[in-house]
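Just below is one structure, and these are the notes that go with it.
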Amino acid sequence: MTLALGVLVSGSGSNLEAILEAIARRELDAEVRLVVSNKRGAFALERAARRDVPTAFVDHEAFPTREAFDADVVSRLRGRGVEAVVLAGFMRIVTPVLLEAFPDRVVNIHPALLPAFPGVPGPRQALEYGVKVAGCTVHMVDAGVDTGPIVAQAAVPVLAGDTEASLAARLLREEHRILPRALAWLARGELVVERGAGRPRVRVPAS
Ligand code: GRF
């Protein structure tokens with residue numbers, strides 16, 4: 001069954017593009033039903049429109065609370081039959097209003113090897129700390145900031161002379177690889193959130 005996705009964005013949308021390309025290549029059995037941006041004029045909206053994917057700009061400043069914003073977004077996503085939500089460069093903290101509407105079906109891509117360097121900006125934090133290996137993480141979203149169970153990670157070296165931009169670019173290439181792959185697992189029903197003792201974990205297919 002083709003998975004109906006909603007993608008929330010705030011910026012360039014290169015991860016959105018990677019998702020759409022994976023769908024076009026039939027590596028991901030999904031359909032992006034709606035792209036929502038909280039930033040007017042985000043390039044992600046243009047990328048979506050070019051591929052005839054429906055878009056919406058929802059100005060978070062027009063809402064009194066995060067919850068009210070999320071409720072509006074949820075109703076738009078539901079209106080399009082969305083089953084799972086991807087935060088692809090969405091620079092807002094989401095609330096239980098969104099999480100409870102799509103239980104275990106909200107996925108985020110973060111440009112750091114969690115649990116190191118949650119929040120923003122991941123690449124700058126890695127450079128400032130002086131780590132020699134950086135990376136990116138796909139995780140299920142929970143009520144914390146970048147704390148949900150990890151689905152997939154990729155590591156990249158930090159090179160002498162790296163700037164925040166050069167490291168971020170190296171990370172993005174990996175993000176574009178692991179996010180569609182994780183979504184393909186989700187679409188095939190192969191992601192299982194296990195809740196036992198300790199932290200929830202995501203069981204993924206053996207690769
Ligand atoms: C990515 O680095 C993502 O990990 C972070 O924001 C950036 C978004 O890039 N959350 P893009 O909009 O997908 O190009």
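The values are calculated or read from the model by the stated rules, or taken from the named source; none is laboratory data. As the structure is a prediction and not an experimental result, all values here were calculated from the model. Using ideal geometry, Cβ is built from the backbone for each residue, glycine included, and neighbour counts are taken over all protein chains shown.
Annotations for the structure displayed:
- When SER37 is tested against the conditions (1) farther than 20 Å from VAL106 by Cβ; (2) touching a strand residue (DSSP E or B) at 6+ places or on another chain (Cβ under 6 Å), the lone failure is (1).
- Tally of residues being surrounded by 13 or more Cβ atoms within 10 Å (Cβ to Cβ) and under 27 Å from ARG203 (Cβ atoms) across the stretch 147-163: 9
- Criterion violated by GLY161 - all others in (1) within 24 Å of ARG195 (Cα to Cα); (2) in a loop (DSSP other than H, G, I, E, B); (3) away from the ligand (no atom under 12 Å from the Cβ) satisfied: (1)
- Single residue of the stretch 189-198 satisfying the filter (of a type outside the set (A, V, I, L, M, F, W, C) and in a loop (DSSP other than H, G, I, E, B)) that is surrounded by the most Cβ atoms within 10 Å (Cβ to Cβ): GLU190
- Only one of the numbered conditions (1) within 14 Å of the ligand (Cβ to nearest atom); (2) more than 25 Å from GLU21 (Cα to Cα) is violated by ALA68, and that is (1).
- Tabulated pairs, the stretch 1-29, first closer than 14 Å to VAL82 by Cβ and more than 9 Å from the ligand (Cβ to nearest atom), second of a type in the set (Lys, Arg) and assigned to a loop (DSSP other than H, G, I, E, B), C-beta under 8 angstrom, 6+ apart or interchain: ALA4/ARG80; GLY6/ARG80; LEU8/ARG92
- Here is the figure for the stretch 8-64: residues that are within 13 Å of LEU77 (Cα to Cα) and among the small types (Gly, Ala, Ser) total 2.
Okay, residues lined up against (1) aliphatic (A, V, I, L, M); (2) closer than 21 Å to LEU183 by Cα:
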residue	(1), (2)
ALA30	yes, yes
LEU45	yes, yes
ALA48	yes, yes
ALA56	yes, no
GLU61	no, no
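- Filter result (surrounded by 11 or more Cβ atoms within 10 Å (Cβ to Cβ) and out of contact with any strand residue (DSSP E or B) (no Cβ under 8 Å at 6 or more places or on another chain)) within the stretch 130-146: VAL131, ASP142, ALA143, VAL145
- Of the residues examined, GLU61 is not one that is within 26 Å of VAL151 (Cβ to Cβ) and either more than 16 Å from the ligand (Cβ to nearest atom) or exposed (fewer than 14 other Cβ atoms within 10 Å of the Cβ) (or both).
- Within the stretch 151-162, residues that are free of Cβ contacts under 8 Å to residues at least 12 places away in the same chain have Cβ atoms under 7 Å from residues that are surrounded by 11 or more Cβ atoms within 10 Å (Cβ to Cβ) and assigned to a strand (DSSP E or B) in no pair, counting only partners at least 6 apart in sequence or on another chain.
- Against the numbered list (1) in a loop (DSSP other than H, G, I, E, B); (2) modelled with pLDDT of 95 or more; (3) surrounded by 13 or more Cβ atoms within 10 Å (Cβ to Cβ), SER166 comes up short only at (1).
- Verdict on LEU186 being within 15 Å of the ligand (Cβ to nearest atom), modelled with pLDDT of 95 or more and either buried (at least 16 other Cβ atoms within 10 Å of the Cβ) or under 30 Å from MET1 (Cα atoms) (or both): no
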